[in-house]
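Take a look at the structure below.
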Amino acid sequence: MSELYEKSLKKLELDAVLEKLADCAVSQEGKQRCRELRPLTDARDIEDLQRQTSAACRLITLKGAPGFQQVQDVRPSLDRADRGGCLNPVELLHIAGVLRCARMVKDYSDGDGDSSLSWMFAALTPNKYLEEKIYGSILSEDEIADSASTELADIRRHMRVQSAKIKESLQKLISSPAYAKYLRDPIITMRSDRYVVPVKSEFKNEIPGLIHDVSATGSTFFIEPMSSVNANNALRELLLREKKEIERILAELSAEAASFLETIGQDYTLLVGLDVIFARAKLSFAMKAIEPVIRTDGSLELKQARHPLIDAKKVVPISVRLGMDFDTLIITGPNTGGKTVTLKTIGLLTLMAECGLHIPADDGSAVSVFSKVLADIGDEQSIEQSLSTFSAQMKNIVQIVDQCDDETLVLFDELGAGTDPAEGAALAISLIEFCRKNGSRVAATTHYAELKVYAMRTAGVINASCEFDVQTLQPTYRLLIGVPGKSNAFAISRRLGLPEQILNAARSTVSQNDLDFEDVLNQLEQQRQQMETARLEAERLRLETEKTKQKSDEYYAQIKKEKEKAEAKARAEAQYILDEARRTANAVYDELKALRKQMKDAADAQGINERQAELRRSLNEAERKLTPQKPQQARPKPSRAIAVGDTVELIKLGTKATVLACNKDGSYQLQAGILKVSARPEEVYLLENEPTEVKKFIEKTQREFKNVATSPELDLRGMDSLEASAVLQQFLDNAYLANLQQVRIIHGKGAGILRKMVHEELKKNKNVKKFRLGVYGEGEDGVTIAEFC
């Protein structure tokens, strides 16, 4: 990579963006790789990186970000172990941390079978056996567990017994009234791994024994009584045996780790790679960025693009295109109007996309792959090298024209400045034409009117300007393509109070052609502003019309609902009257039947039956007329069978319901509102276009967690119990909804008040399956690890 290209990357501030990316990574190696990222030139490789970033964004939205805190570079330790070296506890704990992280990331990826990251997750090789063996043998950096081996457990058991015997013997001595006046304090302490008692210097000969130490003042001698020398010797032997056994255990664990050198090294490399990918996703969320379309035809189109290093609350989005209907963009306008920021945005977003980063712009934005992005931006004058502004610029431009080709994006800032305006403008036009003939895409900023005319007269070259509000004397930072800009020197001076006499004198020195050109620009700008005002007014009227239509539709729907409600009420009242009549008729029927049994005349009985049937027909006819009959429309036959979760319509009632279960007899168990009902297949109709309940739930979840990266860690330190309790409850709810498997709650050690509160809250939370204090590498007693159901 050439020195000029590296200088261009620095001018466009890619290193500052990569530093922000490094802050999103977790592991030290991941941070370093982020800082060392460089743009790629192969479109397929860039598209692969973009897909990986998008896949990581999707996983963070659904599950939160995986943890890479325990990823340490263990390759040097593994190499030393492979050569027969014995690793210390810290190195072995780092290896176990990598194995644990690989296992947790592998579990995190479950269910993600179609992602561009699947191959990386699948390549991880967890080794739970070795991980648990190391963690089971090493409790901390300086403590080996008794359970590391039966021999070590036996040695330490004997050590505890021997220590108890020595303490018992010495306790008798310091408790004896005969020796009380000889002792500085009635305590037992240790010097050089041997138990001793503190004796006053003037009585050092009164207690026979070995002197191991003297206090700084010389007033106290630490003496090992002769009665405990043999016992201390035995304890010393046990200590030596313990040390030897610990060395054997560490050597055994080191050899076992060395036997998995390749798989552990591969896990480390994959975890660092995933750390970088998820760092790109986190940065994408932070910048509200999108995956751009990658092109290879030299064209780019940025929609509402934002410079990533400007405060998001202050940055003004720009929309710009290049390489489609024109290959050169000439940007003009007053100073501090945003010309240079526009150049930097074009170049920086192109470089970011080539590094696999999402770009802060709207959907549909596209960038092209360039082999080089060469920029001449800023003043590089040097007194030491005797370089003026113009000389320094020319030095860069000479290198640019020497390297530009049809795969180069060239960015010139204030091209031709710092010298005679006429010569500078002519030189600028020649440089642009040279780059165009070589096939480069060019964007340049200038104040020269000659370049504005050149852009208006030359095919493939177009003017653009950064808008300036003369009334407020403030730039709006909006980029207007197709409109040449003005310096506005006269207008700004008049607004600031410069006498009109001076302005007229200055105007008289300007050539008539320049004045005519400025007048044309004024007229164009006025027309553009009038058209923009008309467009905004039309848009306002359109929105008002849509709002009025929406209110009208809502009013119509309300009237229709009230009408249906009134009709339903009327039908209910009529039905009540009809039911009352039917009950009365049935009572009459029963009485007639009783009378018929008593009658002997068969003819009379027949007449009664006929009258009864006639009355029933009349009632049924009245009921039919009361209930409005809807014409039955022919419906297409469903293309598939009804399944659980589908939405169906109860044909007779016209009510929608959700299928809860398909019974063995062919009927369906349905949920209609708050009611559960059963229906036969002929009584329901499948609504295929209705979203299923599962789909509704997924869509709702996606809406709730879109652009939200739920952290698996909460730090409560510095909070009181009441505040921490509220924050913890909200955190647990969010983590559970984000489908995290476990979370890490930092409460610190201290007096244990926060830890007690955290454990009480976890016990009460129904979503928490279990919880435990952290082990080495997780924060030990200062953190609590909670797992969800």
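The values are calculated or read from the model by the stated rules, or taken from the named source; none is laboratory data. Please read these numbers as outputs of a predicted model, since none were measured by experiment. Neighbour counts are summed over all protein chains in view; Cβ atoms, including those assigned to glycine, are modelled from backbone coordinates with ideal geometry. For the accessible areas, the whole protein counts, side chains as well, though only heavy atoms, and no ligand, DNA or RNA atoms are used. Shrake-Rupley method; radii C 1.70, N 1.55, O 1.52, S 1.80 Å.
Observations, loosely collected:
- Number of residues in the stretch 247-284 that are open to solvent by less than 40 Å² (accessible area, probe 1.4 Å) and under 28 Å from R33 (Cα atoms) equals 20.
- Within the option set K172, K165, being in contact (Cβ under 8 Å) with a residue 60 or more places away in the chain and open to solvent by 60 Å² or more (accessible area, probe 1.4 Å) holds for one residue only, K165.
- Scanning the stretch 109-164 for residues that are of a type in the set (V, I, T) and out of contact with any helix residue (DSSP H, G or I) (no Cβ under 9 Å at 6 or more places or on another chain), we see that the one that is farthest from A56 (Cα to Cα) is V161.
- Residues in the stretch 373-388 that are crowded, with 16+ Cβ neighbours inside 10 Å and either charged (D, E, K, R) or modelled with pLDDT under 80 (or both): D376, E380.
- Residues satisfying the criterion are present in the stretch 661-675 (criterion: at pLDDT below 85, in a strand (DSSP E or B), farther than 11 Å from D646 by Cβ and more than 40 Å from the chain's Cα centre (by Cα)).
- For the stretch 351-360, the count of residues that are at pLDDT below 90, crowded, with 24+ Cβ neighbours inside 10 Å and in a loop (DSSP other than H, G, I, E, B) is zero.
- For the stretch 194-222, the set of residues classified as basic (K, R) and either open to solvent by less than 40 Å² (accessible area, probe 1.4 Å) or modelled with pLDDT of 85 or more (or both) consists of R194, K200, listed by residue number.
Residue by residue, here is whether (1) over 20 Å from S711 (Cβ atoms); (2) in contact with a helix residue (DSSP H, G or I) (Cβ under 8 Å, 6 or more places away or on another chain); (3) open to solvent by 30 Å² or more (accessible area, probe 1.4 Å) holds:
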| site | (1), (2), (3) |
| --- | --- |
| S725 | no, yes, no |
| L732 | no, yes, no |
| Y736 | no, no, yes |
| L740 | no, yes, no |
| V743 | no, yes, no |
| I746 | no, yes, no |
| G750 | yes, no, yes |
| K756 | yes, no, yes |
| E761 | no, yes, no |
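- Complete set of residues in the stretch 406-464 that are of a type in the set (F, W, Y) and at pLDDT 90 or above: F412, F434
- Those strands (runs of 3 or more DSSP E) of the stretch 254-333 in which 1 or more residues are under 23 Å from the mean Cα position of the chain (by Cα) occupy 293-295, 300-305.
- Filtered residues of the stretch 505-516 (kept if at pLDDT below 80 and either open to solvent by less than 100 Å² (accessible area, probe 1.4 Å) or farther than 28 Å from V453 by Cα (or both)): A506, R507, S508, V510, S511, D514, L515, D516
Condition check ((1) at negative phi; (2) touching a Leu at 6+ places or on another chain (Cβ under 6 Å); (3) assigned to a loop (DSSP other than H, G, I, E, B)) across all residues:
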residue: C86; (1), (2), (3): yes, yes, yes
residue: E91; (1), (2), (3): yes, no, no
residue: G97; (1), (2), (3): yes, no, no
residue: D110; (1), (2), (3): yes, no, yes
residue: A122; (1), (2), (3): yes, no, no
residue: K133; (1), (2), (3): yes, no, no
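- Residues located in the stretch 310-324, provided they are in contact (Cβ under 8 Å) with a residue 24 or more places away in the chain, over 19 Å from E467 (Cβ atoms) and open to solvent by 60 Å² or more (accessible area, probe 1.4 Å): A312, M324
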